[in-house]
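This report concerns only the one structure given below.
The values are calculated or read from the model by the stated rules, or taken from the named source; none is laboratory data. Computed from a prediction, not measured in an experiment: that's the story for all the values here. Every residue, glycine as well, gets a Cβ built from its backbone with ideal geometry; the counts of neighbours run over all protein chains shown.
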Amino acid sequence: MKPLFWKEINAFFTNLTGYIIMIVFLVAIGLIVWVFPGTSVLEYGFSDLESLFSYTPLVFMFLIPAVTMRMIAEEKKSGTWELLMTAPIPVSQVVLAKYLATLVLLVFTLLPTLVYYYSIVQLGDPTGNIDSAGFFGSFMGLLLIGAAMAAIGMFSSSVTDNQIVAFVIGVFTCFMWYIGFNAMAALSEKWGYLLESISLSYHYESMSRGVIVAENAFFFTGFIGSVLAITWGISSKK
């Protein structure tokens, strides 16, 4: 499992792929947080980073499927997936190694945004006037949202050998779990609570209040585990 994990890490950071992803994300979020009218924190007059946590999941919906679309689909198309299936390593560990490599890239991409926290701390009046609990609760939520979307991306890559199709499926599925179910909940009185409770945004917004509730942590853990288990099941049959 370790060799495969490091192979994926090297694939990200020994060519431009990983760096381009990080740069695109940081430039997009930087423009949203500091430059664009209507979302710039400099226009609010309040020392918070609401725009960072509101728009980052939307960027993730496109960025993460772009990262994961090649994970399994490319292996199938190139014929190397069959070689992995004959290797003395369970399919579950192959999927897990690729997933963990994606999480490492996700963490490295998010870490520079901690500079935003330091900047707001210094810009506050008085200095340090910021809801730190809310920030780190939301930051933990971002990590979990990213991890959940990475699992969805792995699933999308497992159902096809075409990277573009995997990307489209990944974006659509991320959209449904983050926005779609929550939107449908507002239209249905009978199923509203159920639809809302399985929405990623519902649990993410709950964490953004600065309180890490076990219910939310269990939801994300169960969601990620379930999606990876389905991915393992699909990949084992190919």
Could you list, ordered by first residue, the pairs with Cβ atoms under 9 Å in which the first is in the range 1-26 and outside any helix (DSSP H, G or I) and the second is modelled with pLDDT of 85 or more and of a type in the set (S, T, N, Q), at least 6 apart or interchain? MET1/GLN93
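Do we find that PHE175 is closer than 21 Å to TRP81 by Cβ and either in contact (Cβ under 8 Å) with a residue 40 or more places away in the chain or surrounded by fewer than 22 Cβ atoms within 10 Å (Cβ to Cβ) (or both) in this structure? Break it down into steps so the answer makes sense when it comes.
Numbers: closer than 21 Å to TRP81 by Cβ: no; either in contact (Cβ under 8 Å) with a residue 40 or more places away in the chain or surrounded by fewer than 22 Cβ atoms within 10 Å (Cβ to Cβ) (or both): yes.
No; evaluated as a whole, the condition is false for this residue.
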Out of the residues in the range 178-208 that are part of a helix (DSSP H, G or I) and aliphatic (A, V, I, L, M), state the one that is surrounded by the fewest Cβ atoms within 10 Å (Cβ to Cβ). LEU194
Among the residues in the range 54-61, are any free of Cβ contacts under 8 Å to residues at least 60 places away in the same chain and farther than 23 Å from ALA148 by Cβ? no
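Restrict the check to the range 47-58 and report whether at least one residue is buried (at least 18 other Cβ atoms within 10 Å of the Cβ), under 25 Å from the mean Cα position of the chain (by Cα), among the polar types (S, T, N, Q) and farther than 20 Å from TYR202 by Cα. Steps first, answer last, please.
As a first pass, look at the range 47-58 and keep what is buried (at least 18 other Cβ atoms within 10 Å of the Cβ): 47, 49, 51-53, 56-57.
If we keep only those that are under 25 Å from the mean Cα position of the chain (by Cα) as well, we get 49, 51-53, 56-57.
Going one step further and asking which of them are among the polar types (S, T, N, Q), we end up with 51, 56.
Retained after the next criterion (residues that are farther than 20 Å from TYR202 by Cα): none.
Within the range 47-58, not a single residue is buried (at least 18 other Cβ atoms within 10 Å of the Cβ), under 25 Å from the mean Cα position of the chain (by Cα), among the polar types (S, T, N, Q) and farther than 20 Å from TYR202 by Cα.
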Take the residues in the range 1-59 that are out of contact with any Ser or Thr (no Cβ under 9 Å at 6 or more places or on another chain), farther than 30 Å from LEU84 by Cβ and of a type in the set (Val, Ile, Thr), then tell me which one is modelled with the lowest pLDDT. VAL35
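Listed here are the residues, each with its yes/no results for (1) basic (Lys, Arg); (2) in contact with a helix residue (DSSP H, G or I) (Cβ under 7 Å, 6 or more places away or on another chain); (3) outside any loop (DSSP other than H, G, I, E, B); (4) within 20 Å of ILE32 (Cβ to Cβ).
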| residue | (1), (2), (3), (4) |
| --- | --- |
| PRO57 | no, yes, yes, yes |
| LEU63 | no, yes, yes, yes |
| ARG70 | yes, yes, no, no |
| PRO88 | no, no, no, no |
| TYR99 | no, yes, yes, no |
| VAL104 | no, yes, yes, no |
| PHE155 | no, yes, yes, no |
